[in-house]
Amino acid sequence: NLSDFLMDIGACSVSITDADAETEEEDPLFDEPSLTTCVNDLDDDEMSEKELNEWAVVINDVAAGRNIWKRCDVTAHFPSSMFDVSSIVDSIRYTFHCPSNPRYEVDNVPDRDWIKHVQESWTPIVTRESKFVLRFPWHEDKLVMQACQNMEREKMQEAMAKQFSSGVKREGA
């Protein structure tokens with residue numbers, strides 16, 4: 001399929017998303033009840049020729065497998081050292097017998113220490129009972145202590161809210 005092909009020619013990652021996401025045309029992947037009919041739920045012999053043709057096929061089923069959405073966006077990340085847009089587009093067109101070049105956009109991804117960037121967004125995780133703290137090697141003790149204090153603060157606020165909402169009168173109040 002296309003994502004495997006892109007990985008084989010050097011992509012670092014590939015994702016496929018619904019091009020109509022968050023619009024009236026969105027077709028939810030998990031087929032929420034009463035919102036849509038998912039083409040994968042129907043057998044080909046249950047669908048009329050017109051219904052089958054309503055599902056856009058950009059490349060043959062041999063290349064993509066069963067289509068999930070009417071339209072999709074494919075995002076592939078390639079290292080800048082081997083980045084040659086025209087040869088990638090030509091390879092896709094030739095391999096999947098596309099009648100014309102696929103539409104594409106090129107975005108520059110900032111050059112940064114991505115491991116450090118992601119690690120900074122992962123804070124220590126404290127369980128509700130405060131009996132377990134998930135910390136990673138880059139977490140400093142100060143950050144772990146702050147996460148534990150925040151959890152205790154949340155638990156106290158919930159207990160106070162519960163007590164006051166139940167109408168229980170405290171002694172001395």
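State all residues of the stretch 121-137 that are within 20 Å of the chain's Cα centre (by Cα) and either under 14 Å from residue 6 (Cα atoms) or open to solvent by 90 Å² or more (accessible area, probe 1.4 Å) (or both); if no residue qualifies, say none.
Listed by number, the list holds a single entry, 122.
Within the stretch 106-120, identify whether any single residue is touching a helix residue (DSSP H, G or I) at 6+ places or on another chain (Cβ under 9 Å), open to solvent by less than 80 Å² (accessible area, probe 1.4 Å) and modelled with pLDDT of 85 or more, and answer yes or no.
yes
Could we say that residue 166 is open to solvent by less than 100 Å² (accessible area, probe 1.4 Å) and at pLDDT below 85 here?
yes
Identify the single condition in (1) closer than 22 Å to residue 6 by Cβ; (2) hydrophobic (A, V, I, L, M, F, W, C); (3) part of a loop (DSSP other than H, G, I, E, B) that residue 92 does not satisfy, given that it satisfies every other one.
(3) is the only condition that residue 92 fails.
Go through the stretch 48-89 and give me each residue that's assigned to a helix (DSSP H, G or I) and either modelled with pLDDT of 85 or more or surrounded by 15 or more Cβ atoms within 10 Å (Cβ to Cβ) (or both).
63, 64, 85, 86, 87, 88, 89, listed by residue number.
Out of the stretch 123-146, which residues are part of a helix (DSSP H, G or I) and over 24 Å from residue 159 (Cα atoms)?
If the condition is that a residue be part of a helix (DSSP H, G or I) and over 24 Å from residue 159 (Cα atoms), then 141, 142, 143 are the ones that fit.
Do the conditions hold for residue 85, that is, is it of a type in the set (Val, Ile, Thr) and closer than 20 Å to residue 17 by Cα?
The answer is no for residue 85.
The values are calculated or read from the model by the stated rules, or taken from the named source; none is laboratory data. These numbers come from a predicted model, not from an experiment. Cβ sites come from the backbone with ideal geometry, for glycine too, and all protein chains shown count toward neighbours. For accessibility, only protein heavy atoms count, side chains too; no ligands or nucleic acids. Shrake-Rupley method; radii C 1.70, N 1.55, O 1.52, S 1.80 Å.
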